[in-house]
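Visitor: What follows is a structure written as C-alpha cells; I'll ask about it next.
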Amino acid sequence: MSMNSKAPQVLEFHKILQMLSEKASSAAGKDMCLKLLPSGKPEVIETMQQETADALARLLKNSAVSFSGCLDIKDCLAALKIERSLNAGELLRIAKLLENTNRIKAYGRSKETMEQPDTLSPYFDSLEPLTELAKELNRCIISEDEISDEASSTLKHIRRQIRLTGDKIHSDLTHMVNNKYKNVLQDNVITMRDGRYCIPVKAEYKSSVPGMVHDQSASASTWFIEPAAIVELNNKLRELVGQEQAEIERILMELSASCGAHLQELTTDSRTLTRLDFIFAKGFLALEQNATKPLYNEEGIISLRKARHPLLPKDTVVPTDIRIGRDFKMLIITGPNTGGKTVTLKTVGLLSLMGQAGLHIPTLDRSELSVFQEIYADIGDEQSIEQSLSTFSSHMKKIVEILKKADQSSLCLFDELGAGTDPTEGAALAIAILDELRKRQATTVATTHYSELKVYALRKKGVENASCEFDIETLSPTYRLLIGVPGKSNAFAISKKLGLKDYIIENAKKQIDKTDESLEDVLSKLEDERVTLENVRSEIDREKAELSRLKEEYETRSKKLADSRDKLLRASREEAEDILREAKETADEAILAFQKSGNIQDMEKMRDKLRQSLSRLRQGNADAIAVPKDTEDKKKLKAADLKPGTDVKIISMNLEGRVISPPDQKGKLFVQCGIMKIEATLPDIELIETKETQKLRREAGAHYGLSKASTISPELNLIGKTTDEALYELEKYLDDAYLSHLSSVRIVHGKGTGALRNTVWKQLKRLKYVSAFRLAEYGEGDAGVTIVTFK
C-alpha cells in the first residue's frame, strides 16, 4: 500500500522495524525486515498474519530455529547466470547455504505439521538441499585458500611430484650448505627468491658458487644465488606449480558448472530461506511482546483489549481498552497533561500499522482492527525555524494536507487539535475540522483540553467522549482510558492538594463562566456515578466468579459420584456372575457324584452340602445384584442376555416361551410360544424360569445319565450356526457328553475365517471338566475339527 511516509515516522514505526530486524539471523532477512511496509489488501494482511501465527506456534511447540548460516549468495547466483567460474570462497558459501537448507527443511518436517500442514509448509517443501552437490563441494574444497588433494586424481599426482621435487631440492641444498659451500655462506640456511630456492653467499665469494643470482641484500654484503646443480630441479618445480594451478582452475570450473546446473534450485533456496528468516523474526517478536493475532474488518471498527504500547517497557506500561467504530466513528479524549492521552493516540496508530504489516499486536486475543487505506497523524511539535512557521502554523499545514485526502477508509489521529492559538478560535477551528471529518465518516481520534469539544461530543451523533483517569489522592494518572466519560482538568483539586489557599481557589472559581462551571459540576457527578458503578460491577464480577467456582465444584463432585456408582454396579454384577458360575459347577459335581454313587448316605451328605451352598449363593447373589431403587428399579435386558433357548416372557401378551433367534440390531427377536412363533422387541421381554426347567433340575437323577448315554453322539456339528447359537448348543452338548461318561468328542466347526473355532476354544478353556483339546490331525478332519478330551 502506498501510505504516506509521515504517519509511520511520527508513530515511530521504524523503531518497531528495528526491533524486528534484531530478531532475524541473516543479513538478507534483516534487510527484508527493515523494508517491511503495511498493506491495504485484506487478503494480503490475513496471509501475513497467519504466517506470523504459524511461526509463533512452531516456536512454542518446537525448539527455536536459527538462520544465521544462511549466507547471501546473490553475487554467486549472478555469476552462475552468466556462466562465470566461481572461486573457492564463493563455492563454500553455496555449500554452507545448502547445509543450512537441509537443517531448516528437517526442522519444518515435525510430526504435527506433517499431519496438519500450515501456511509455512509450502516454504519448507520448496527447499532443495541438493545433498550430493553439497557433499561434492565440501569434499573438494577445504577452505577459501585450499583445495583438497582428493578433488581429483590428477591434482593428487601433481602435488605428490611437487613434494618429491621439493624434497630433492632441499636434500641437495642441505648437502651444499653443510659441506661444499659451508665456508662461503653468510648463513647456513636455505631461502627462496622469486619462487626459486637459493642460498645466501658472501659477496666476496660469489664467484665461487656457479649459478643464477636472484637478489642481494640491502648492504650488498650477501648475494642470493641459485646453484647451477639445482636449476633444473627448480625449473621442474615451477612447471609443476603451474600445472597444479591449472588443475585447480579446472576443478573450480567443473564445480561451478555443477552449481550452474542447479541455478533455479539455488535461487529458490536463497529466497525461501530469507523469507522464512523474516517470518520467524515476526514470530520471535510476537513471542517477546506476548502479542496476538488481531481480527480484521473493513468497517472502521477498532476494539483493542488490554492494549500496550510496544515501545514502552513491559513492566511499566499500563494496558488499556480502546474501542471505536461500532457505535461511534470519532473519539475525543480529554484530561490533564501526562495523563496518557498521547500514548493512547500513538497506541491506536502504531498497532494499526503493525497489524497491517503482518505483525501481531501486544493485546489480549480477539482484539479487532480495521483495514485502513491511509493513516494520518498530526502528533508532536514540528515548528520550522527555516520556514518561519509557528507551532500552530506547523500543525495547521499538516491538517490541511490531511483534509485534502481523508475519507471513510482513513484513520486520522490529532494530538491537541486547535492548540497553539487563541483558545476560543482554536476550539472553533477544532470543532469545524472534526465536523468535516465526521461528514466524511473518517475514523478519528483526537486529544484536546477544550471544554467546547466535550460539549460537541455530547451533542453530535457518532462522536464519543473519553478521558484518561486521574487519581486526585496520589496526584498521578492511572493511564486507564474511560470511554463515555469526558475528562476534567482537576486544576482546582490539584492546587488545593498541593497547598494553595482556599480563598485563592474560591476567587479563581468566580472568574470562570457559569456555563463552564455547570459543565464541571456535571462532569464531577458523572465521575462519582462512574466510580460507584465500577465498584458495583466489580462486586458482581466477584460473585459471578464465586458462582462459577461453586458450579464447577458441584459438577466435579457429581461426576465423581456417578463414576463411583457405575464402578460399584460393575463390581456387583461381576461378583454375581462369579457366584452363579460357582453354583453351576457345584450342581455339575453333584449330578456327576450322583451318577457314580448309588449310596443313599453319600447322597444325603451331598444334599446337605448343596443346601448350605445354595443358601450361601442366594444370599451372596441377592447382595451382589441388588441396586439402589433411585438408580435403577429393574435390570434392563441386553441383547447378549437373550440366547437361543433362553426362557422368557412377553410382557405385553403375558405369554411364556423360548427364544429361537438372538436380537438383531434394532432389538427384535423371535420367541416360540407353544405352536406360535412370535416377533417381540427387547423392552417387551422378561427372563423367567419355567416349571419345566425347575422340574428338570429337581429330577436330574440316575436315569439322566442312562437316558443321555443311549442317545448322545460323539460328534457335534456347528457349521452354519451363528456364534450365539453355537455357544448354546456347545455348552449343552458338552454337559451331556461329560455326564454320559464319554472320554472324548469331536466338535465340527469348519475352517472358514476361524471365528467359530476361536469361540469354541474360548469356551473350552473355561470348562473345568475338559482335560485337553486339540485340532484334528490329517484324516480326522484337519483344521475344521477340534478333539475334546474329558477328565
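Visitor: Calculate the FRET efficiency for Met212 and Ser258 from the Cβ-Cβ distance with a Förster distance of 30 Å, rounded to the nearest 0.05. Write down the numbers at each step before the final one.
Guide: Numbers: r = 44 Å, r/R0 = 1.46.
Here the calculated transfer efficiency is 0.10.
Visitor: Enumerate the residues in segment 60-97 having an amide nitrogen under 19 Å from the point lying 7 Å beyond the Cα of Glu132 toward its Cβ.
Guide: Answer for this model: 95-96.
Visitor: Right, another one. Given the convex hull over the Cα atoms of segment 725-781, what projected area results after averaging over all orientations, in nm²? Walk me through the intermediate numbers first.
Guide: Numbers: hull surface 16.8 nm².
Mean shadow area of the hull around the Cα atoms is 4.2 nm².
Visitor: Efficiency by 1/(1 + (r/R0)^6): what FRET value for Thr474 and Asp72, r their Cβ-Cβ distance, R0 = 56 Å, to the nearest 0.05?
Guide: Working: r = 55 Å, r/R0 = 0.97.
Computed FRET efficiency for Thr474 and Asp72: 0.55.
Visitor: Give, as ranges by residue number, the residues of segment 745-776 whose backbone N falls under 17 Å from the point 7 Å along Cα→Cβ of Lys732.
Guide: Label zone hits: 748.
Visitor: Could you give the accessible area per residue of segment 390-478, probe 1.4 Å, as a whole number in Å²? Display every interim value, and only then the final one.
Guide: Details: 4030 Å² over 89 residues.
With the other protein chains kept in place, segment 390-478 gives 45 Å² per residue.
Visitor: Hey, could you get me the Stokes-Einstein D for segment 131-264, Kirkwood radius over alpha-carbon pairs, 10 °C and 1.306 mPa s, rounded to whole µm² s⁻¹? Before the final figure, lay out each step's value.
Guide: Working: Rh = 17.3 Å.
Taking Rh from Cα pairs, D becomes 92 µm²/s.
Visitor: Are there any trypsin sites (Lys or Arg not before Pro) in segment 27-98 that are in a DSSP loop and have at most 16 other Cβ atoms within 10 Å? List them by number.
Guide: Details: sites: Lys30, Lys35, Arg58, Lys61, Lys74, Lys81, Arg84, Arg93, Lys96; in loops: Lys35, Arg84.
Of the trypsin sites (Lys or Arg not before Pro), the ones in loops of segment 27-98 whose Cβ has at most 16 other Cβ atoms within 10 Å are Lys35, Arg84.
Visitor: Assuming R0 = 45 Å, can you tell me the calculated FRET efficiency for the pair Lys791 and Ser564, based on Cβ-Cβ distance, to the nearest 0.05? Kindly include the intermediate steps, with their values, before the conclusion.
Guide: Numbers: r = 42 Å, r/R0 = 0.94.
In this case the efficiency is close to 0.60.
Visitor: Loop only by DSSP, 14 or fewer other Cβ within 10 Å of the Cβ. Give me the GluC sites (Glu not before Pro) in segment 38-100 that pass, ordered by residue number. If you can, show how the numbers build up before the last one.
Guide: Numbers: sites: Glu43, Glu46, Glu51, Glu83, Glu90, Glu99; in loops: Glu83.
Answer in residue order: Glu83.
Visitor: For segment 205-306, which GluC sites (Glu not before Pro) pass both filters: DSSP loop (anything but H, G, I, E, B) and at most 13 other C-beta atoms within 10 Å? Mind showing how you got there, number by number?
Guide: Details: sites: Glu232, Glu239, Glu244, Glu247, Glu249, Glu254, Glu265, Glu288, Glu298, Glu299; in loops: Glu298, Glu299.
Taking segment 205-306 and a limit of 13 other Cβ atoms within 10 Å, the loop GluC sites (Glu not before Pro) found are Glu298, Glu299.
Visitor: Another question, if that's okay. What number comes out for accessible area per residue over segment 55-190 if the probe is 1.4 Å? Units Å², please. Mind showing how you got there, number by number?
Guide: Numbers: 7660 Å² over 136 residues.
Spelled out: the 1.4 Å probe surface of segment 55-190, per residue, equals 56 Å².
Visitor: What is the gain in length, in nm to one decimal, between Asp684 and Ala491 on full extension, counting 0.36 nm per residue of separation less the C-alpha to C-alpha distance? Let's see the in-between values first.
Guide: Working: separation 193, 0.36 × 193 = 69.48 nm, distance 8.64 nm.
Here the segment from Asp684 to Ala491 would lengthen by 60.8 nm.
Visitor: Summarise the accessible area of segment 253-339 (1.4 Å probe, protein heavy atoms) by the percent that is carbon and sulfur. Display every interim value, and only then the final one.
Guide: Details: 1930 of 3780 Å².
About 51 percent, which is the carbon plus sulfur part of the accessible surface.
Visitor: Provide the gained length on full extension for the span Ala203 to Thr191, in nm with one decimal, where the gain is 0.36 nm per separating residue minus the Cα-Cα distance. Each step should come with its number before you reach the end.
Guide: Numbers: separation 12, 0.36 × 12 = 4.32 nm, distance 1.64 nm.
My answer for the length gained is 2.7 nm.
Visitor: Run the accessible area of segment 127-196 with a 1.4 Å probe and give the carbon-and-sulfur part as a rounded percent. Intermediate values should be presented prior to the final figure.
Guide: On the way: 1890 of 4230 Å².
Taking all protein chains in place, segment 127-196 shows 45 percent carbon and sulfur surface.
The values are calculated or read from the model by the stated rules, or taken from the named source; none is laboratory data. Just so you know, these numbers come straight off a predicted model, no measurement behind them. With ideal geometry, Cβ positions are generated from the backbone for all residues, glycine too; neighbour counts draw on all protein chains shown. Remember, those area values only see protein heavy atoms, side chains included, never the ligands or the DNA or RNA. Shrake-Rupley method; radii C 1.70, N 1.55, O 1.52, S 1.80 Å.
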